[in-house]
1. Identify, from the list B:PRO85, B:PRO28, B:PRO102, the residue that is at pLDDT below 90 and away from ligand 1 (no atom under 16 Å from the Cβ).
2. Given the condition among the β-branched types (Val, Ile, Thr) and touching a Pro at 6+ places or on another chain (Cβ under 9 Å), answer yes or no: does some residue in region B:50-63 qualify?
3. Does any residue of region A:184-203 turn out to be closer than 25 Å to B:CYS149 by Cα and out of contact with any Phe, Trp or Tyr (no Cβ under 9 Å at 6 or more places or on another chain)?
4. Which condition number does A:VAL169 fail, the rest of (1) part of a helix (DSSP H, G or I); (2) farther than 30 Å from B:HIS68 by Cβ; (3) within 13 Å of chain B (Cβ to nearest Cβ) being met?
5. Here are B:LEU4, B:LEU45: which of them is more than 15 Å from ligand 1 (Cβ to nearest atom) and either within 14 Å of chain A (Cβ to nearest Cβ) or farther than 14 Å from B:GLU209 by Cβ (or both)?
6. Restricting the search to region B:119-143, which residues are under 21 Å from the mean Cα position of the chain (by Cα) and away from chain A (no Cβ under 14 Å)?
7. Of the residues that sit in region B:31-40 and are of a type outside the set (S, T, N, Q) and surrounded by fewer than 24 Cβ atoms within 10 Å (Cβ to Cβ), which one is farthest from ligand 1 (Cβ to nearest atom)?
8. Kindly indicate whether B:MET118 is buried (at least 19 other Cβ atoms within 10 Å of the Cβ), within 16 Å of ligand 1 (Cβ to nearest atom), touching a residue at least 12 places away in the same chain (Cβ under 8 Å) and not β-branched (Val, Ile, Thr).
Amino acid sequence: MDIMIDKLILYFEYPFVRYALIVSVLISLCASLLGVPLVLKRFSFIGDGLSHVAFGAFAVAVILNPINIMLIIAPITVFCAILLLRTGQNSKIKGDASLAILSVSSLAIGYLLMNVFSTSPNISGDVCATLFGSTSILTLSLLDVWICIIMSIFVIGIFLLFYNRIFSVTFDESFATATGTKASHYNLLIAVVTALVIVLAMNLVGALLVSALIIFPAITAMRIFKSFKGVVICAVIISVVCSTTGLLISILAGTPVGSTIVVTHLCIFAIFTGVKQLTRGRI
Amino acid sequence: MLLLNAQELCLGYEGKRVASSITFCVRPGDYLFIVGENGSGKSTLMKTVLGLLSPIEGEITLGDGLKHNEIGYLPQQTVVQRDFPASVREVVLSGCLKRSGPCLFYTREDKECAATNMEKLGISALSKHCYRELSGGQQQRVLLARALCAARKILLLDEPVAGLDPKAAMDMYQIIKELNEKHGLTIVMISHDVSAAIKYASHILHIKENSSFFGNKQDYLETDMGKNFSNIGER
Ligand SMILES: Nc1ncnc2c1ncn2[C@@H]1O[C@H](COP(=O)(O)OP(=O)(O)O)[C@@H](O)[C@H]1O
Ligand SMILES: [Mg+2]
């Protein structure tokens, strides 16, 4: 145990480890906040589709090579979020089919672009890193950390400010609209903020595993808690604890960060499901 | 002095007509029953009044300074997902959302309003319970409490007693009657229970495919549709 603590202390001397911890806590917090309305509105598919879009956008960004790749990834993903929301609500076009087209094409285009234009000798390594986030979390610059902090403050602020409206729109959209809340505005807000969080979270767990960060905490919290507030608070705590634990384990054991965090979430989910079964058995 | 005024409304979905030439108006303090067969377009009419749908033809105006955030609404079916985590208090409070205009958070008044309405409907003891674990009748009361929070001038109810047992249905009619008489709340209620309409309503709108009737209760009893019912009652 002492050796492990010493090892951790040693690691925390390095700024990139501290950056990784800050960023992972912030991103988990944001993802879990949004996860609750997304899961309840059956919008979690948007999270999944957008993570693929973000991968495609990442490939484009690497080629165009701007000052910061976020400047390209974020607008593309936000645009696709709006697009997905529109088609999802349109009963004439099947929402899931258009989503599948968008996410498969993004993956394909992303890989194609990386293959054709990449100057790096290790393309499959790069692709793997983007999809599964194996290393990028440990190569964050101070600028990345600041972007992440600002975006998180923005996301948390939006969520807290509009908490009551998000509840109302999520619980019963037609009542909310009938009494004067612009439900479609809030759906749009949620989709756009989700896109931003996905772009952020791609650094942490990689594009493919982003949806896990959004879905797991909400689903896990819903096993036990029965009020909206309870679920939101519990999801945030679970998410932050799991991501921190996952990150520390991956540093100590040298495992890939993203996968370790997701497996941690999976374990907690299993425990909560078990607890629920036990308590139900007693009643 | 008209709260609602609808002229020659034609209702439907995406060009498909459901009901046409509906004309009616609602004054403060009225208790309007909307009756008609299943599928005649009653719910469609209510959604149009609420602005969730737009009419194919005709227009409906809110008058007497009535704003959308002063309307309470009890939907016919609230498709809440089976696993939605929400406490009764959270649901009822969400009716207060637009009371204080653009304010983002619930004020003390809002919370008092929610508490009073839960008291009125006898669900105060359930306030911490999970909405989805309540019985149908209890859920209906919770949604009515939410609607009351929003209803400062007018309350629209879409088949509030459907699916309730006779006792709970009687209670519901009684509660609504009191709201109308004691609190002066204007009520618009959809029902296909014409006998209840004759018992409680001040005005009746009977939607039929081509000829709809609108008038006060006495006039309705003079019509063919109404005569049938008054005869049944006398027999
Ligand atoms: N969302 C919808 N889209 C298209 N048609 C609808 C929709 N909802 C209801 N309808 C049709 O409109 C007609 C009237 O429905 P409704 O207003 O619900 O009747 P009711 O009087 O029983 O409340 C029905 O024929 C129904 O099939
Ligand atoms: Mg109906």
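1. Details: B:PRO85 fails: at pLDDT below 90; B:PRO28 fails: at pLDDT below 90.
Step by step, each of B:PRO85, B:PRO28, B:PRO102 is checked, and only B:PRO102 is at pLDDT below 90 and away from ligand 1 (no atom under 16 Å from the Cβ).
2. Checked against the condition, which is being among the β-branched types (Val, Ile, Thr) and touching a Pro at 6+ places or on another chain (Cβ under 9 Å), region B:50-63 yields no hits at all.
3. Scanning region A:184-203 turns up at least one residue that is closer than 25 Å to B:CYS149 by Cα and out of contact with any Phe, Trp or Tyr (no Cβ under 9 Å at 6 or more places or on another chain).
4. (2)
5. Numbers: B:LEU45 fails: more than 15 Å from ligand 1 (Cβ to nearest atom).
Result of the check over B:LEU4, B:LEU45: B:LEU4.
6. Matches in region B:119-143: B:GLU119, B:LYS120, B:LEU121, B:GLY122, B:ILE123, B:SER135, B:GLY136, B:GLY137, B:GLN138, B:ARG141.
7. Looking only at region B:31-40, we keep the residues that are of a type outside the set (S, T, N, Q), and these are B:31-37, B:39.
Okay, now just the ones that are also surrounded by fewer than 24 Cβ atoms within 10 Å (Cβ to Cβ), so B:31, B:36-37, B:39.
Details: B:TYR31: 19, B:GLY36: 6, B:GLU37: 7, B:GLY39: 4 Å.
Result: B:TYR31.
8. No, not satisfied.
The values are calculated or read from the model by the stated rules, or taken from the named source; none is laboratory data. What you see is a predicted model, and the numbers here were worked out from it, not measured in a lab. Neighbour counts run over all protein chains shown; Cβ positions are idealised from the backbone, glycine included.
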